[in-house]
Amino acid sequence: MDKSTQHKFSENMLQYLNDSPTAYHAVENAIGMLKSHAFQELKETEQWSLQADGKYFVVKNHSCIIAFTVGDGDLAQEGFRIIGAHTDSPSLKIKPGACMVTPDGYVKLNVEVYGGAILSAWFDRPLAVAGRVIVEQDGRLAERLVRIDKPVCVIPNLCIHFNKECNTNCGYNKQTDILPLLSMKEEGVEKGDYLLNLIQSETGIEKPAILDYELFLYEYQKGIFMGPDEEFTSASRIDNLCMVYAGLSALMESEDGRSKFKVFAAFDHEEVGSATAQGAHSGFLPHTLERISKNLGLTDDACFQAIANSTSISADAAHAVHPNYSDKHDPENRPVLGGGPVIKYSASQRYSTNAFSAAYFMEACRRAQVPYQKYVNRNDIVGGSTIGPALSSLTTIPTVDIGTPVLAMHSIRELGAVADNFYAKEAFRAYYEDGES
Ligand code: ZN
């Protein structure tokens, strides 16, 4: 496959990652992509009137989005083709009571860990702040996305002279060791104002209007290509915005002149268990599928038929074999960077793949002419999970868990391969286009 095409796709993907420091921004940028391809926004709170060949999306909490195309065929018989991913990534979240002033005059941010972050990777990196604030405007509550894209704080390492074992024993206390340094104490500044002053000066949002916030730290350094031939991508949030971008791209590329019932869903809160209104372990997707079906005039019985004829893909980052820790993998199932999307298996169903769902994904890869790999945990290592089990159990739709292979998963800077980003998108496109003429 043409390497410049692969490189161009990854360049656009890196741009999406760089532009999306939080789940809110990931959804905002997804909205922009969808609107530019003539997808129309539906509000959950308003009546829907879906048209054949229509293209739509619906947003929940500004951190979860479901986009879909309406086919002109028989939904009850065809069912939906669904790809799911997640918008959130491990991070540090700013707590209420955001600022602390130490007796020595340092101003620190009070943060908590969001998800399974590799904390050591967060040290000594210039960090920026993004998220959303809720403001009162004309007597109503309104949301404002916030991005202070400046290196405003840092978590300094303790020098090796005071921590001689730092290279052999780097345990961190999550309460006391990871609080970022924001500034030095200023006379006359209230403790609570250091962060609010920053928001006001950088965004123009008036301090008194801010009722509450959900703000996260992110690495100021942008994602880049690397390697002698730029064969790798090094970036924050590869898990899982690379799958969000690949899924969205496949949906938009596959829709022109087509008429199938295709769904792309990107959920929030996968990194903390998915059990929220905007997480995969919610009614949002099953309710939306039912709502689409009923809006198109299907009877209750036909709605059940549509579900029974549907398939889905849960797309999330996968563990590539590590060059320095190769014994962490199963002896026979050893995915590598650049080898194509990884099908994940788990006898205990931490991944939802079964032989049927793996087979339809392998068929999509074959039609797209992309390679694929397989992953299963070593028996003595538990490994991770995904949105797959939630998707399949809530919707009762067969689901295959797949993902693009990465190294350093959940580090502030993960490593992927240029070829894999493109392979995943091509496989998704082939899945959506199956049976189309
Ligand atoms: Zn993930």
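The values are calculated or read from the model by the stated rules, or taken from the named source; none is laboratory data. From a predicted model like this one, the values you see are computed outputs, not experimental measurements. Here the Cβ positions follow ideal geometry from the backbone for every residue, glycine too, while neighbour counts run over all protein chains shown. Ligands, DNA and RNA are stripped out before the accessible areas are found, and what is left, the full protein with its side chains, is counted by its heavy atoms. Shrake-Rupley method; radii C 1.70, N 1.55, O 1.52, S 1.80 Å.
Remarks
- Residues located in region 223-262, provided they are under 15 Å from H37 (Cβ atoms), more than 14 Å from the ligand (Cβ to nearest atom) and in contact (Cβ under 8 Å) with a residue 12 or more places away in the chain: L248, S249, A250, L251, M252, E253, S254, E255, R258, K262
- Leading residue by the ranking (nearest to the ligand (Cβ to nearest atom)) among those in region 68-96 that are over 22 Å from S282 (Cβ atoms) and touching a strand residue (DSSP E or B) at 6+ places or on another chain (Cβ under 6 Å): L92
- Hits in region 375-407 - residues which are within 16 Å of the ligand (Cβ to nearest atom) and acidic (D, E): D401
- Filter result for T299 (without any contact (Cβ under 8 Å) to a residue 60 or more places away in the chain, within 16 Å of the ligand (Cβ to nearest atom) and not aliphatic (A, V, I, L, M)): no
- Qualifying residue in region 44-56 (condition: in a helix (DSSP H, G or I), in contact with a strand residue (DSSP E or B) (Cβ under 6 Å, 6 or more places away or on another chain) and more than 23 Å from I224 (Cα to Cα)): no
- Failed criterion for A275 (all others in (1) at pLDDT below 95; (2) out of contact with any helix residue (DSSP H, G or I) (no Cβ under 7 Å at 6 or more places or on another chain); (3) not in a loop (DSSP other than H, G, I, E, B) hold): (3)
- Those strands (runs of 3 or more DSSP E) lying entirely in region 160-271 with at least 2 residues open to solvent by 60 Å² or more (accessible area, probe 1.4 Å): 210-219, 224-226
- Subset of region 340-371 that is among the hydroxyl-bearing types (S, T, Y) and in contact (Cβ under 8 Å) with a residue 12 or more places away in the chain - its residue that is farthest from S254 (Cα to Cα): S346
- Test: residue in region 284-299 that is in a strand (DSSP E or B) and among the hydroxyl-bearing types (S, T, Y): no
- Selection within region 3-43: residues that are open to solvent by 50 Å² or more (accessible area, probe 1.4 Å) and in contact with a His (Cβ under 9 Å, 6 or more places away or on another chain). The member of this set that is nearest to I412 (Cα to Cα) is D19.
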